[in-house]
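Read through the structure below, which is laid out as structure tokens, and then see the notes.
The values are calculated or read from the model by the stated rules, or taken from the named source; none is laboratory data. This one's a predicted model, so the numbers in the text were calculated from it and none came from an experiment. Because the Cβ atoms are built from the backbone with ideal geometry, glycine has one as well, and the counts that use them run over all protein chains shown.
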Amino acid sequence: MSNTDSLQNSPSLWKGVLPVPDNNSHKYTRGHVVILGGNRLTGAARLASEAAMRTGAGMCTIVADFEVADVYQSGAPHILFEPLESLVEFSKHLDDDRRRAVLVGPGAGREDAKALRAAVIDVLGTRKAAVIDADALSVFEGHGRELFDALHDNVVLTPHEGEFTRVFGDMLPGTRADNATDAAKKSNAVVVLKGAETIIAHPDGRIVVNTHASPWLASAGTGDVLAGMVLGLMAQGMSAFDAACAATWMHGDASLKIGPGLVAPDLVVQIPAVLKGIL
């Protein structure tokens, strides 16, 4: 995509780089994703994991405390589980080069904010493709500079407005696009400012606006699905910005196909139909 003030999101912007497997593809070439699972809000990581694989990732492992192993292992049979000794040890689960992308935040909890901040910084230090969402953003309230100094150009931040203000401070006078653009430049990461009008901002000033979505998305867990979709595309080699744009549009398209009564798991089931309509 070329540098421009603002573009309306559509497949014409990213369809040409959307990853498509060929006859030589296998689960590792399609990318292995790793997700930090929470102890209490376990549904968040489960939704994200299934969304990542529906979007094309070849494998997915949820890493979480052993005490919730039964919850994760009784979920989708194609999602792997590994026990977590402590948050300090989380980044060690990324040591395998085939593990290409990582998601931290959905359902993670803020009970030990210091440990979660340290885990995020360690993850970013691996330079793996990463999506930082939800609690993994909120724990940097008052510690934004620590996060910004660790971020790199293969990271997507996916805040709603509440999380955005915790990390970047109060919304500045101007449009949401102005705020997202300022945040992307400040953090050196792609920022997806979620809402009825979702803004995808690149540190170099590119902005894409997404209005292709249903108001029925205002439901618990839908953001976890979006984070997983971005993760799945990045695992397959899509750039952070293109993955964010593509996932946001496809997420919205799934919501429009479902319509009234939408709940988050419906979006996951709808992803294959969305992909089929694009490819």
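For PRO106, work out the one condition from (1) touching a residue at least 60 places away in the same chain (Cβ under 8 Å); (2) surrounded by fewer than 19 Cβ atoms within 10 Å (Cβ to Cβ) it doesn't fulfil.
For PRO106, the failing item is (2).
So if I check each of SER86, SER91, which one is loosely packed, with under 12 Cβ neighbours inside 10 Å, out of contact with any Phe, Trp or Tyr (no Cβ under 6 Å at 6 or more places or on another chain) and within 28 Å of GLU163 (Cα to Cα)? Don't jump to the end; show me each part of the working.
On the way: SER91 fails: loosely packed, with under 12 Cβ neighbours inside 10 Å.
Being loosely packed, with under 12 Cβ neighbours inside 10 Å, out of contact with any Phe, Trp or Tyr (no Cβ under 6 Å at 6 or more places or on another chain) and within 28 Å of GLU163 (Cα to Cα) holds for just one of SER86, SER91, which is SER86.
Which of the residues that make up region 88-110 are among the hydrophobic types (A, V, I, L, M, F, W, C) and either at positive phi or modelled with pLDDT of 95 or more (or both)?
Listed by number, the residues that qualify are PHE90, LEU94, ALA101, VAL102, LEU103, VAL104, ALA108.
Looking only at region 104-136, filter to residues that are of a type outside the set (A, V, I, L, M, F, W, C), more than 14 Å from LEU87 (Cβ to Cβ) and not in a helix (DSSP H, G or I); which one of those is nearest to the chain's Cα centre (by Cα)?
ASP133
Condition check ((1) in a helix (DSSP H, G or I); (2) surrounded by fewer than 24 Cβ atoms within 10 Å (Cβ to Cβ)) across all residues:
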site	(1), (2)
SER12	yes, yes
PRO21	no, yes
ASN24	no, yes
THR29	no, yes
ALA48	yes, no
GLY56	no, yes
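Test GLU146 against the criterion of being in a helix (DSSP H, G or I) and either of a type in the set (Val, Ile, Thr) or under 29 Å from ILE200 (Cα atoms) (or both), and give yes or no.
So GLU146 fits the description; yes.
Which one of these is touching a Pro at 6+ places or on another chain (Cβ under 9 Å) and of a type outside the set (D, E, K, R): LEU137, LEU157?
LEU137
What is the one condition in (1) closer than 19 Å to GLU85 by Cβ; (2) in contact (Cβ under 8 Å) with a residue 60 or more places away in the chain; (3) not hydroxyl-bearing (Ser, Thr, Tyr) that VAL155 does not satisfy?
(1)
Residues that are closer than 24 Å to HIS251 by Cβ and either surrounded by fewer than 20 Cβ atoms within 10 Å (Cβ to Cβ) or among the polar types (S, T, N, Q) (or both): does region 65-75 have at least one?
Looking through region 65-75, at least one residue is closer than 24 Å to HIS251 by Cβ and either surrounded by fewer than 20 Cβ atoms within 10 Å (Cβ to Cβ) or among the polar types (S, T, N, Q) (or both).
Taking interchain pairs and intrachain pairs at least six residues apart, which have beta carbon atoms under 6 angstrom, with the first residue in region 41-63 and of a type in the set (Lys, Arg) and the second in a loop (DSSP other than H, G, I, E, B)?
Pairs found: ARG46/GLY75.
So which helices (runs of 4 or more DSSP H) stay within region 168-279 end to end and still have 3 or more residues that are crowded, with 22+ Cβ neighbours inside 10 Å and small (Gly, Ala, Ser)?
176-187, 222-235, 240-258
So which pairs qualify, if the first residue must be in region 117-135 and at positive phi, the second must be aliphatic (A, V, I, L, M) and in a loop (DSSP other than H, G, I, E, B), the Cβ gap must be under 8 Å, and the two must be at least 6 apart or on different chains?
The qualifying pairs are ALA134/ALA108.
Only one residue in LEU275, LEU262, LEU279 is of a type outside the set (Phe, Trp, Tyr), touching a Ser or Thr at 6+ places or on another chain (Cβ under 7 Å) and in contact (Cβ under 8 Å) with a residue 12 or more places away in the chain. Which one?
LEU262
Which pairs turn up if I take residues in region 13-24 that are in contact (Cβ under 8 Å) with a residue 12 or more places away in the chain and look for partners that are surrounded by fewer than 13 Cβ atoms within 10 Å (Cβ to Cβ) and not in a helix (DSSP H, G or I) with beta carbon separation below 8 Å, at least 6 apart in sequence or on another chain?
LEU18/LEU279; VAL20/LEU279
Considering region 183-208 alone, what residues qualify as being over 17 Å from the mean Cα position of the chain (by Cα) and either within 17 Å of ALA246 (Cβ to Cβ) or hydroxyl-bearing (Ser, Thr, Tyr) (or both)?
Hits for region 183-208 are ARG206, ILE207.
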